[in-house]
Amino acid sequence: MAPGNFSRVTEFILLGLSDTWELQLLFFTLFLLAYTMVLLGNLLIIVTVTTDPKLSSPMYFLLCNLSFIDICCTSVTVPRLLVALLSGHKAIAFEGCVAQLFFLHFVGSSEMFLLTVMAFDRYTAICRPLHYPAVMARGACWALVAACWLGGFTHSIVQTVLVLQLPFCGPNTIHSYFCDVPPVVRLACADTALTERLVASNSGLISLGCFLVLVASYGLILAKVRARLSRGRSKALSTCASHVMVVTLLFVPCIFTYLRPAGTSPPSKFVCVIYTVLSPVMNPLIYTLRSSEVKESLRRLWKRCRA
């Protein structure tokens, strides 16, 4: 198609999760409950960590940032989905679609980088305890968090540019409940094989690389504590296993989504639910609320609120 010989798509249609009203009502209830849990759980963690001086260690500083990112991540997709489920309005402007995929990749990749930093923090604390105060000093923590956000922003800019340089003139139906790079790229009126390979090498390899680093770090932690008392080994194993489970919920669906070869059918919509909704719900439960220090801090906060 010759340049300029097409009409530009001005909006996309998000098909959502179902066309059946009963299922839409069920999904609305489930997603509203999940979003409420994400907001309340993560806001409670942020308030608890920022108001309790006893939770001033680097680990809780990073967890506080993770809670903030989880709120941002779910807020990019879920509120609009809730409105669409009730109103039936599935159209989204081209500019709104681009903005959604930009912020989704911005906060999503920032979370991946932050989880990698958190694994490094735990590895340093357990395997290099003498170096921990110097390695994870307050200034270093701020620098690492800033690097996570900068890395996420850079990644998202690249993904957004890949989309904006494509012409869109024909089909505008997205088989999902939010705008993401792979389904949008497939709608372009051009050969997108190279673009899809660039997306895979960007998003896919970032997801895979961070996941491998996380698994390796937890493996090193378990190897370090294997010679300790059985009670300590059991606690370390339980902690690492729960962390790996949540990490798997985030990274494996992302790897499956973004490392798919060009031309293959898109993944199921419900695969996307795992890393956009389920993982942010699980993060506060696994990373923070299982901590005895956090639970004790929550009790003190509750007593102060009742006083």
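Helix check for the chain. Which DSSP H runs span at least 15 Å along their own axis by Cα, with a mean Kyte-Doolittle hydropathy no less than 1.0?
Answer set is 21-51, 58-87, 94-127, 138-164, 205-225.
Would you please state which residues of the range 61-95 a label at LEU32 would reach in this model, taking the label point 7 Å out along Cα→Cβ and a backbone N cut-off of under 19 Å?
What the label zone holds, given the 19 Å backbone N cut-off, is 74-90.
Can you tell me how much longer the chain between LEU15 and HIS89 gets when fully stretched, taken as 0.36 nm per residue apart minus their C-alpha distance, in nm with one decimal?
Stretched out fully, the LEU15 to HIS89 stretch lengthens by 25.7 nm.
How far apart, in nm, are two points set 7 Å out from the Cα along the Cα-to-Cβ line at ARG197 and at LEU150?
Each label point lies 7 Å from its Cα, and together they span 3.1 nm.
For a Förster distance of 35 Å, can you work out the FRET efficiency between the beta-carbons of VAL213 and LEU164, rounded to the nearest 0.05?
Approximately 0.70, to the nearest 0.05.
Need one word for the chain: rounded, prolate or oblate. Basis is the Cα gyration tensor (sqrt eigenvalues a ≥ b ≥ c); a/c below 1.5 gives rounded, then a/b vs b/c decides.
prolate
Using helices alone, I'd like the mean residue ellipticity at 222 nm for the chain: each DSSP H run of four-plus residues gives -39500 (n - 2.57), total over residue count, nearest 500.
-23500 deg cm²/dmol
Return, in residue-number order, each cysteine of the chain whose C-beta is not under 4.7 Å from any other cysteine's C-beta.
Lacking a cysteine Cβ partner under 4.7 Å: CYS64, CYS72, CYS73, CYS127, CYS141, CYS148, CYS210, CYS240, CYS254, CYS272, CYS305.
So what's the net charge close to PRO182: Lys and Arg +1, Asp and Glu -1, counting the other residues with Cβ under 10 Å from its Cβ?
It works out to a net charge of 0.
Fully extended, how many nm does the chain gain between THR248 and SER57 (0.36 nm per residue separation, minus their Cα-Cα distance)? Write down the numbers at each step before the final one.
Details: separation 191, 0.36 × 191 = 68.76 nm, distance 2.57 nm.
Between THR248 and SER57, full extension yields 66.2 nm more.
How much length would be gained if the chain were fully extended between VAL271 and LYS295, taking 0.36 nm per residue of separation minus their Cα-Cα distance, in nm to one decimal?
5.4 nm
Check the straight Cα-Cα distances from LYS295 and name the lysines below 20 Å, setting aside those fewer than 8 residues away within the same chain.
LYS54, LYS235, LYS303
Please state, as a whole number in µm²/s, the translational diffusion coefficient that the Stokes-Einstein equation yields for the range 29-137 at 37 °C and 0.692 mPa s, with Rh defined as the Kirkwood radius across alpha carbon pairs.
This corresponds to a translational diffusion coefficient of 205 µm²/s.
Could you give the accessible area per residue of the chain, probe 1.4 Å, as a whole number in Å²?
48
When the accessible area of the chain is computed with all protein chains present and a 1.4 Å probe, what percentage of it is carbon and sulfur?
70
The values are calculated or read from the model by the stated rules, or taken from the named source; none is laboratory data. These figures come from a predicted structure and were not determined experimentally. Backbone-built Cβ (ideal geometry, glycine too); neighbour counts: all protein chains shown. Surface accessibility is based on the protein's heavy atoms, side chains included, excluding ligands, DNA and RNA. Shrake-Rupley method; radii C 1.70, N 1.55, O 1.52, S 1.80 Å.
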